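*Asks:* Could you have a look at this structure, given as structure tokens, before my questions?
Every number in this text was worked out from the coordinates using simple rules, so none of it is lab data. Because the structure is a prediction, the values reported are computed rather than measured. As a convention, Cβ positions derive from the backbone with ideal geometry for all residues, glycine included, and neighbour counts pool all protein chains shown.
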Amino acid sequence: MNPYLDDDLVALGDHARRFATERIAPGFQERDRTRVLDRTLMREMGSMGFIAPELPEAFGGQGMGCLATGVIHEEIARADLSLSYINLLASLNGQILSEHGRPDVARPWLDRLTKGEALLAIALTEPRGGSDAANLQLRIEHVGDEYVINGEKTSISAADQADAVVVFGRTGTPESGAHGVTALLVPAEVPGLTRSRFDCHGQRAIGRGSLFFENVRVPASHRLGDENKGFVQVMQGFDFSRALIGLQVLAVARVALEETWKWVTERQAFGQPLSAFQGVSHPLADLDTQVEAARLLCLQALWLKDKGAPHSAEAAMCKWWAPKLAYDVVHQCLLLHGHGGYDRGVMEQRLRDVLGFQIGDGTAQIMKTIIARTRAGRRAVPA
């Protein structure tokens with residue numbers, strides 16, 4: 001019994017799990033090996049309403065709540081965390097475009113996004129650092145009815161695969177901080193934009209890379225939010241994605257635990273199942289308890305968002321705790337599978353995949369600062 005999930009949401013989760021089990025899970029390891037994102041699967045997900053279902057119907061969504069999005073998201077991630085980035089990026093960028101984009105520019109992209117016909121990246125991090133997110137060097141200049149972009153973004157998810165990118169850059173003075181940042185929607189095929197791809201440890205189907213802008217021009221109509229206020233306005237959507245990330249990585253932890261509980265009851269040692277030894281079963285019980293608690297926290301954050309209530313602290317808790325916990329869970333499960341877990345396979349790939357979320361999308365230190373500021377006030381926690 002879950003206080004946040006009614007019968008309709010449970011049924012939605014079952015529906016998403018059947019699809020993920022039948023269509024996504026079988027290619028999990030192959031996509032990691034080839035580093036190819038399956039666009040056919042993405043379109044299938046779109047046709048079933050699994051991509052950004054929280055968006056209003058006018059923007060191509062289903063008009064569902066954020067909890068419904070979370071339920072679908074964790075089932076896709078359970079089958080393949082890397083592929084579930086499609087859902088994560090769609091919900092984050094979909095919210096940004098629907099709330100801050102000009103309708104005539106945003107609607108065609110949102111229609112393609114929800115149908116699984118387009119993938120959007122978000123470009124915030126720069127080579128000089130990621131945690132000081134408002135201190136950007138990439139330059140955006142307003143020239144007539146266009147914006148001209150020069151600079152570099154790095155460690156961008158789906159950098160070489162995205163069809164368009166939400167780009168943050170500086171339009172104000174270097175000293176203006178968060179109040180001199182503007183966000184733009186940049187189609188990936190514009191002249192002057194080049195892309196690279198890294199050889200990352202995990203999440204290899206979606207990939208990460210750099211974006212290089214050399215006198216890239218986009219119409220002023222592609223601005224998202226107000227000029228010089230893009231960071232303050234648009235970054236509010238990250239509370240939503242942080243809760244989704246929590247469910248994303250915990251879904252991987254949950255399936256790892258399910259498989260490991262089954263394994264330790266079947267594997268024999270000294271005439272008994274491994275589960276008979278407290279050194280085996282107690283660590284699993286401990287981690288299982290924490291996973292259940294962390295999942296409830298993530299669902300609570302989405303429930304608060306659906307209610308229009310503040311949820312920044314809860315979302316930050318999801319983002320720092322869940323990735324660390326998921327890594328600890330999969331690590332323990334891998335060890336209990338012995339040499340079979342250490343071999344190239346499902347469990348070691350999960351370990352590689354979940355590790356990245358302790359780095360990207362906001363470190364634990366940044367999340368804890370957000371929590372502290374929410375509780376004590378910004379003056380009491382200035383940095």
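*Asks:* Over 20 Å, how big is the tail of the calculated P(r) for the range 1-109, in percent of all Cα pairs? Intermediate values should be presented prior to the final figure.
*Replies:* On the way: 2404 of 5886 pairs.
Counting pairs separated by more than 20 Å, the tail of P(r) holds 41 percent.
*Asks:* Once every DSSP H run of n ≥ 4 in the chain is given -39500 (n - 2.57) and the sum is divided by its residues, what mean residue ellipticity at 222 nm do you get, rounded to the nearest 500 deg cm²/dmol?
*Replies:* Calculated mean residue ellipticity at 222 nm is -15500 deg cm²/dmol.
*Asks:* What's the long-distance tail for the range 93-154, i.e. % of Cα pairs beyond 18 Å? Spell out each step's value before the answer.
*Replies:* On the way: 1022 of 1891 pairs.
Of the Cα pairs, 54 percent sit more than 18 Å apart.
*Asks:* With charges set only on the Cβ (+1 for Lys and Arg, -1 for Asp and Glu), what does the dipole of the range 247-375 come to about its Cα centre, in debye to the nearest 20?
*Replies:* 480 debye
*Asks:* Moving to a separate point now. Would you mind calculating the gained length between E99 and V10 on full extension (0.36 nm times residue separation, minus the Cα-Cα distance), in nm to one decimal? Walk me through the numbers on the way to the answer.
*Replies:* On the way: separation 89, 0.36 × 89 = 32.04 nm, distance 2.87 nm.
Taking E99 through V10 to full extension adds about 29.2 nm, to one decimal.
*Asks:* Beta carbons within 10 angstrom, averaged per residue: use that to sort the peptides 169-175, 203-209, highest first.
*Replies:* So the order, starting with the most tightly packed, is 203-209, 169-175.
*Asks:* Taking the Cα centre of the range 121-228 as the origin, how large is its charge dipole in debye, to the nearest 20, when only Lys and Arg (+1) and Asp and Glu (-1) carry charge on their Cβ atoms? Present the calculation step by step, with values, prior to reporting the outcome.
*Replies:* On the way: 10 positive and 14 negative charges, 68 e Å.
Approximately 320 debye in magnitude.
*Asks:* Show me the chymotrypsin sites (Phe, Trp or Tyr not before Pro) within the range 264-328 that DSSP assigns to loop and that have at most 15 other Cβ atoms within 10 Å of their Cβ.
*Replies:* Values: sites: F270, F277, W303, W320, W321, Y327; in loops: F270, F277.
Sparse-neighbourhood loop chymotrypsin sites (Phe, Trp or Tyr not before Pro): F270, F277.
*Asks:* Based on the Kirkwood radius over alpha-carbon pairs, what is the Stokes-Einstein translational diffusion coefficient of the range 121-228 at 10 °C with 1.306 mPa s viscosity, in µm²/s? List each step's numbers first, then the result.
*Replies:* Working: Rh = 13.8 Å.
Answer from the Stokes-Einstein relation: 115 µm²/s.
*Asks:* Once the Cα gyration tensor of the range 235-376 is found, what semi-axes does its equivalent ellipsoid get, as square roots of 5 times the eigenvalues, in whole Å, sorted largest first? Intermediate results must be reported in sequence, preceding the final value.
*Replies:* Details: eigenvalues 214, 44, 27 Å².
Semi-axes, largest first: 33, 15, 12 Å.
*Asks:* Moving on. When the chain is fully extended, how far beyond the present Cα-Cα distance does Q268 get from N150, taking 0.36 nm per residue of separation? List each step's numbers first, then the result.
*Replies:* Details: separation 118, 0.36 × 118 = 42.48 nm, distance 6.16 nm.
Full-extension gain reported as 36.3 nm.
*Asks:* Now for a different question. Could you let me know the centre-to-centre spacing of the range 110-169 and the range 15-35, using Cα atoms, in angstrom?
*Replies:* Between the Cα centres of the range 110-169 and the range 15-35 lies a distance of 28 Å.
*Asks:* Give the percent of DSSP beta bridges with both residues in the chain that are antiparallel, rounded to the nearest 5.
*Replies:* Values: 29 of 35 bridges.
Antiparallel bridges: around 85 percent, rounded to the nearest 5.
*Asks:* Tell me the angle of helix 364-376 to the major Cα principal axis of the chain, expressed in degrees between 0 and 90 and rounded to the nearest ten.
*Replies:* Around 80 degrees separate the two axes.
*Asks:* Using Cα pairs under 8 angstrom and six or more residues apart, how large is the relative contact order of the chain, in percent? Kindly include the intermediate steps, with their values, before the conclusion.
*Replies:* Values: 720 pairs, mean separation 59.8, N = 383.
The normalised contact order for the chain reaches 16 percent.
*Asks:* Over the Cα atoms of the range 167-257, how large are the radius of gyration and the largest Cα-Cα distance (Dmax), in Å?
*Replies:* Cα radius of gyration and Dmax of the range 167-257 are 16.9, 51 Å respectively.
*Asks:* Also, I was wondering about something else. How far is helix 103-114 tilted off the main Cα axis of the chain, in degrees rounded to 10, range 0 to 90?
*Replies:* With rounding to tens, the tilt is 20 degrees.
*Asks:* Oh, and also: Please give the per residue volume of the convex hull enclosing the alpha carbon atoms of the range 258-323, rounded to a whole number of Å³. Don't skip to the answer; put the middle values down first.
*Replies:* Working: hull volume 5.3 nm³, N = 66.
Spread over its residues, the Cα hull of the range 258-323 gives 81 Å³ apiece.
*Asks:* On to the next question. Could you calculate the contour length gain from D132 to R33, that is, 0.36 nm times the residue separation minus the distance between their Cα atoms, to one decimal place in nm?
*Replies:* Details: separation 99, 0.36 × 99 = 35.64 nm, distance 3.33 nm.
So the chain would gain 32.3 nm between D132 and R33.
*Asks:* Considering the chain, what Rg and Dmax in Å follow from its alpha-carbon atoms?
*Replies:* 21.0, 79
*Asks:* Quantify how much of the Cα-Cα distance distribution of the range 306-369 extends past 18 Å, in percent.
*Replies:* On the way: 927 of 2016 pairs.
That tail contains 46 percent of the Cα-Cα pairs.
*Asks:* Additional query: DSSP loop chymotrypsin sites (Phe, Trp or Tyr not before Pro) in the range 91-198 with at most 15 other Cβ atoms within 10 Å of their Cβ, which ones? Before the final figure, lay out the partial values.
*Replies:* Details: sites: W109, Y147, F168, F198; in loops: F198.
For chymotrypsin sites (Phe, Trp or Tyr not before Pro) across the range 91-198 that sit outside H, G, I, E and B with at most 15 neighbouring Cβ atoms in 10 Å, the list reads F198.
*Asks:* Something else: Pop a pseudo-label 7 angstrom from the Cα along the beta-carbon direction at both A293 and Q233 and give the gap in nm to one decimal.
*Replies:* 4.1 nm
*Asks:* To the nearest 10 degrees, how steeply does helix 278-306 sit against the main Cα axis of the chain, on a 0 to 90 scale?
*Replies:* Approximately 30 degrees, to the nearest 10.
*Asks:* Now, a different point. Quick one: among C333, C298, C200, which has the greatest mean-square fluctuation in a GNM of the chain with alpha-carbon springs under 10 angstrom?
*Replies:* Of C333, C298, C200, the Gaussian network model singles out C200 as fluctuating most.
*Asks:* Treat each spin label as a single point 7 Å out from the Cα along the C-beta direction, and report the A285 to K307 distance in nm.
*Replies:* It is 3.3 nm.
*Asks:* Taking the Cα centre of the chain as origin, work out the dipole magnitude from +1 charges on Lys and Arg Cβ and -1 charges on Asp and Glu Cβ, in debye rounded to 20.
*Replies:* Working: 41 positive and 46 negative charges, 149 e Å.
Using only the charged Cβ atoms, the result is roughly 720 debye.
*Asks:* In bins 10 Å wide, starting from 0, what share of all Cα pairs of the range 139-290 does each bin hold, as a percent?
*Replies:* Calculated P(r), rounded to whole percents: 10, 27, 24, 14, 12, 10, 4, 0.
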